[in-house]
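Beneath this line is the structure, given in structure tokens, with notes to follow.
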Amino acid sequence: MKPAIYENWRHAFKLDPDKELSDEALEAVCTSGTDAVIVGGSSGVTYDNTNELLSRIRRYPVPCALEASSGEAAVPGFDYYFIPLVLNGEAEWLVRRQLEALRLYGVFIPWEQTAAEGYVILNGASEAARRTGAETELDAEQIEAIVRMADRLMRLPILYIEYSGVFGDMERLGRIRELLTGARLFYGGGIDGPEKARAAAAWAHTVIVGNAVYDKLNEALSTVAAVKENID
């Protein structure tokens, strides 16, 4: 079987269709040497603003994936599609929304370019946690159970640990990585410079940088080299 496009990604930028980004900043992101650009957001994501952002990214050769958090924003033309399942959220965000999207669009989904993404949201103050009703105050045993469910019971190809705006617990991230047997570990949250990028890259297969693109562009760009320093 041909390897999935994301299996060699060490670094990715995540861009929100509901946020403004200048042409100059977008060019810097897309030509930075990152492995991919992921398009997605927690709120305000529509077909129109997703399609507009895709058309701008397509000026550059960087791979581009859509994190499809709503059926309304399912835009064709991406290189890959991630379908998030919020493992510590309300049932609506684990299966009900996905079933509704499959009912409406299942016949059109490019299955060879689509993967389920087990999400664990760990910042209770984030918009993502509020919207999905995520239980974020989890102890070590609860996290371990979620990881085993995602990796061994559900056999999800990706486990995404999301701190959404704050830098997470790297010791916890290390324990999660050691538990995984098959899933690829994505990490996102609070990476606003090279030091944090290196710390996350020590454990995550793929480090994802989002908010810093809008708040600290130069520091965000510096994370690409920091993540790729220790590729083995």
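The values are calculated or read from the model by the stated rules, or taken from the named source; none is laboratory data. None of the values given here were measured: they were computed from a predicted structure. Ligands, DNA and RNA are stripped out before the accessible areas are found, and what is left, the full protein with its side chains, is counted by its heavy atoms. Shrake-Rupley method; radii C 1.70, N 1.55, O 1.52, S 1.80 Å.
Close amide H pairs (under 5 Å, H built 1.01 Å from N) link residue 86 with 94, 119, residues at least 5 positions away or on another chain. For region 6-106, rounded, prolate or oblate, judged on the Cα gyration tensor with a ≥ b ≥ c (square roots of eigenvalues), a/c < 1.5 rounded, else prolate if a/b > b/c? Taking the square roots of the gyration eigenvalues as a ≥ b ≥ c, region 6-106 is prolate. Karplus-derived 3J(HN,Hα) values for region 157-167, using 6.51 cos²θ - 1.76 cosθ + 1.60 with θ = phi - 60°, are x, 9, 10, 10, 8, 10, 9, 6, x, 10, 7 Hz; glycine and proline are entered as x. Within the straight-line cut-off of under 20 Å between alpha carbons, the lysines reachable from residue 228 are 14, 196, 216, sequence neighbours fewer than 8 places apart in one chain being disregarded. Near residue 116, the amide H atoms lying under 5 Å from its own belong to 83; only residues 5 or more places off or on other chains count, and H is placed 1.01 Å from N. Across region 76-83, rounded Karplus estimates of 3J(HN,Hα) from the backbone phi angles (6.51 cos²θ - 1.76 cosθ + 1.60, θ = phi - 60°) give x, x, 7, 6, 7, 10, 10, 10 Hz, Gly and Pro being marked x. At the residue level, residue 99 shows approximately 100 square angstrom of accessible surface with a 1.4 angstrom probe and all protein chains present. Take every pair of alpha-carbon atoms less than 8 Å apart whose residues are at least six positions apart; their mean separation over the length of region 89-232 yields a relative contact order of 18 percent.
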